[in-house]
Amino acid sequence: MSEPNRAFAFVLVLNGVLAISCGQAGEAGVDHEVTSLGSAEVTARLLEIPGEFPPNDLYDYAYVLKYRVEKVHRGKVLGEKILVAHYNPLKPRSSVQDEFSGLVGGNLKKFRTGDVHRMALEMPLDLLWMGGIFDKYFSQRGIRYWAIWTNLVKK
Amino acid sequence: MPRVYQIVFTGCFLTLIFAVPLTQVGIEIYEGQRPQVSELFLHLPTEANLRGFESEVEDSSWFAQFLRLWMQYLRFELLWDLGEKVLLGRDGWLFYRPDVQYLVEPYRLSETHHAAGDDPFSAITTFRDQLSRRGIRLMIVPIPGKASIYPDKLTRRAAAPDRSISSHTLELISRLKKAGVEVIDLFEPFRRLREKQPMPSGQAYYLRQDTHWSGMTVSIAAGVVAQRIHNLGWVDRGSTQYDLKLVSVRRRSDIIRMVTVPGIERHFPAEEVRCYQVVHRASGKLYKDDPRSPVLVLGDSFLRIYQTDEPGSAGFIAHLARMLKHPLASIVNDGGASTLVRQELSRKVDVLRGKKLVIWEFVERDIRFGVQGWKYVPVFAD
């Protein structure tokens, strides 16, 4: 193997080791908050992000995302596919809470299609969030859940 | 060159190249995360994935975040620069840059928006027609931006009182009126008030450090709208009696909230705002919406301020309800009056049952910069 190829292989192996070693903690996304907050707790897969998230400059928005429920741990949700509003989705959940949001948080850093999240949910959205709402699914009737706590479920 | 120099230079060069990414990886591992760089090897190297990776690296970089913060701090301390979205006016007044851009930049409503199918005129007239088919009337209320009413607080050169600087909005108002749309022009009454009835010292019709109007101005605007509704005879006057209760709140500037300079609040403390809460006379309780009202109000944060924000029940909606003598229904979507609020209405279309009048408020900069533009929204399913 030539020198550059050896270096590339080393970086690849190093990243693989790091990825595996860092994937051990909290794999199921369980913590005290997600198991106790809100009226429902689900593990669900993020099916799509319908467009770009709005910037967090003058306003704070909630952005509605579509999930497929994989497991209901607590409470009740209606349907296999649910619509969940996340507060300021450009920010990591650990630092998203502010004076307007009420209690929101979690360990999720970034929303990515296909990822699985464990979430503590509350409803209805209209009574929980008074600010701007991006809801690209506006033509679909039904409940919008408010995500209080969102943890990444590691694959 | 001596070998020791070569080693030192090589070492410095390698440090420059690798110090940042290796430190970033170290921080990420310490925080229990998978290193961002591993994403490079976990996805196919397509153009979209590589651009996404680049963007994520920029967003998550500890160095970028740390340095950006302190660069902004230095720029503020040395140059009084508050960032790309904020303009520092005269006498401590702050302006939101898109408000000013909307006023001063050349911009043609008919060309820019129409070509993109993103036209406020079409969106409004279409919405008017949608409602009209169900016997509901529409009233449009464009709110003047702060810079339209207080251009002299932005720059001394814009202080000529006879010069109209909100020509884009006035042009849209004129076109809408010609098309038979009922539009409330608040520009003229607000300017007249400024000239004829200056507020007491230290107060103004708009907040000095915020994008919104003052607690007193919401009541004035509600008065103009209520008077027009009465003149048109569109809605019967109700019988609910409301009283006013003077309160003061301290409002933290929405413009300053955007600025990430450390310690910025020391330079721009919260503003004290006087406003009137609307109180139901019979029960003594604060004003509350009624979804069964014949009047629905749609709009943005100009409706939310003082209404669901502190102190509550002191915003435009409560004051209009007091003047019409019956509670109103409302849907408010911050920054989303151009399209998002109609999408929300479409989701809750049952709220239109029994309505006689829809009042649609939006701040004038949304004519150009409205979030999501001015999309066609099929409010009714059929």
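What whole-number value in Å² describes the accessible area per residue of the protein assembly as shown for a 1.4 Å probe?
Details: 26310 Å² over 537 residues.
Per-residue value: 49 Å².
For segment B:211-350, compute Rh as the Kirkwood radius over C-alpha pairs and then the Stokes-Einstein diffusion coefficient at 20 °C and 1.002 mPa s; write the answer in µm²/s, rounded to an integer.
My calculation gives 133 µm²/s for D.
Rg/Rh for segment A:24-63 to two decimals, with Rh computed the Kirkwood way over all alpha-carbon pairs. Walk me through the numbers before you get to the answer.
Numbers: Rg = 14.6 Å, Rh = 13.5 Å.
Radius of gyration over Kirkwood radius for segment A:24-63 works out to 1.08.
Over all Cα pairs of the protein assembly as shown, how is the pair count split among 20 Å bins, expressed in % and running from 0 up to the last occupied bin?
The distribution over the protein assembly as shown is 19, 48, 27, 6, 0, given as percents.
For segment B:86-369, rounded, prolate or oblate, judged on the Cα gyration tensor with a ≥ b ≥ c (square roots of eigenvalues), a/c < 1.5 rounded, else prolate if a/b > b/c?
Details: a/c = 1.64, a/b = 1.14, b/c = 1.44.
Since a/c reaches 1.5 but b/c is at least a/b, the shape of segment B:86-369 is classed as oblate.
Given a 10 angstrom Cα cut-off, can you work out which residue in B:Ala19, B:Ala158, B:Ala337 is the most mobile in a GNM of chain B?
Evaluated over chain B, the most mobile residue of the options is B:Ala19.
Viscosity 1.306 mPa s, temperature 10 °C: Stokes-Einstein D of segment B:3-60 from its Kirkwood Cα radius, in µm² per second? Don't skip to the answer; put the middle values down first.
On the way: Rh = 13.2 Å.
For the chosen part, D equals 120 µm²/s.
Using only protein heavy atoms and a 1.4 Å probe, how much accessible area in total is buried between A and B, to the nearest 100 Å²?
Buried area between the two chains comes out at roughly 3000 Å².
Rounded to the nearest 5, what % of DSSP beta bridges with both residues in the protein assembly as shown are antiparallel?
Bridges in the protein assembly as shown are about 65 percent antiparallel.
With springs connecting C-alpha atoms under 10 Å apart, model chain B as a Gaussian network and identify which of B:His43, B:His230, B:His280 has the largest mean-square fluctuation.
B:His43
When a/c is below 1.5 the answer is rounded, else prolate if a/b is larger than b/c, else oblate, so apply that to segment A:19-155 with a ≥ b ≥ c taken from the square roots of the Cα gyration tensor eigenvalues.
Details: a/c = 1.42, a/b = 1.23, b/c = 1.15.
Note, shape of segment A:19-155 comes out rounded.
Rounded to the nearest 10 Å², what accessible area does A:Lys66 have for a 1.4 Å probe in the complete protein model?
Counting only protein heavy atoms, A:Lys66 exposes about 40 Å² to solvent.
Tell me what chain B gives for mean residue ellipticity at 222 nm when only DSSP H runs of n ≥ 4 count, each as -39,500 (n - 2.57), the sum divided by the residue total, rounded to 500 deg cm²/dmol. Numbers along the way, then the final one.
Numbers: 16 runs with 163 residues, N = 382.
Result for chain B, helices only: -12500 deg cm²/dmol.
On a 1.4 Å probe surface of the protein chains, which of A:Met119, B:Met258, B:Met1 comes out largest in accessible area, and what is the full order? Present the calculation step by step, with values, prior to reporting the outcome.
Working: A:Met119 0, B:Met258 35, B:Met1 145 Å².
Final ranking, largest accessible area leading: B:Met1, B:Met258, A:Met119.
How much of the accessible area of segment A:26-152, probe 1.4 Å, is carbon plus sulfur, in whole percent? Could the numbers behind the result be given before it?
Working: 2800 of 5320 Å².
Ligands and nucleic acids excluded, carbon and sulfur reach 53 percent.
Take the Cβ-Cβ distance between B:Tyr376 and B:Lys288 as r, set R0 to 30 Å, and report the resulting FRET efficiency rounded to the nearest 0.05. Can you show the working numbers first?
Working: r = 33 Å, r/R0 = 1.11.
Calculated value: 0.35.
Comparing the chain by itself with all protein chains present, which residues of segment A:40-67 are at least 40 Å² less accessible (probe 1.4 Å)?
Those residues are A:Asp57, A:Leu58, A:Tyr59, A:Tyr61.
Got a sec? Which residues of segment B:341-355 lose 40 Å² or more of accessible surface with every protein chain in place, vs. that chain alone, 1.4 Å probe?
Checking the loss per residue gives B:Gln343, B:Arg347.
Just how far, in whole angstrom, is segment A:111-130 from segment B:250-291 if you go by their alpha carbon centroids?
27
Take the Cα gyration tensor of segment B:173-286, multiply each eigenvalue by 5, square-root it, and list the three semi-axes largest first, rounded to whole angstrom. Don't skip to the end; give the middle numbers.
On the way: eigenvalues 189, 98, 39 Å².
Sorted largest first and rounded, they come to 31, 22, 14 Å.
Keeping all protein chains in position, work out how much accessible area A:Leu152 exposes to a 1.4 Å probe, and write it in Å² to the nearest 10.
50
With a bin width of 10 angstrom, please list the P(r) values of segment B:7-100 as percents of all Cα-Cα pairs, from the 0 bin to the one holding the largest distance.
Percent of Cα pairs in each bin: 13, 27, 27, 21, 10, 1.
Could you calculate the FRET efficiency of A:Asp31 with B:Leu44 from 1/(1 + (r/R0)^6), where r is the beta carbon distance between them and R0 is 30 Å, rounded to 0.05? Before the final figure, lay out each step's value.
Values: r = 33 Å, r/R0 = 1.10.
Computed FRET efficiency for A:Asp31 and B:Leu44: 0.35.
The values are calculated or read from the model by the stated rules, or taken from the named source; none is laboratory data. No experiment lies behind these values; they were computed from the predicted model shown. Methodologically, a virtual Cβ is constructed for each residue, glycine included, from the backbone with ideal geometry; neighbour enumeration extends over all protein chains shown. Remember, those area values only see protein heavy atoms, side chains included, never the ligands or the DNA or RNA. Shrake-Rupley method; radii C 1.70, N 1.55, O 1.52, S 1.80 Å.
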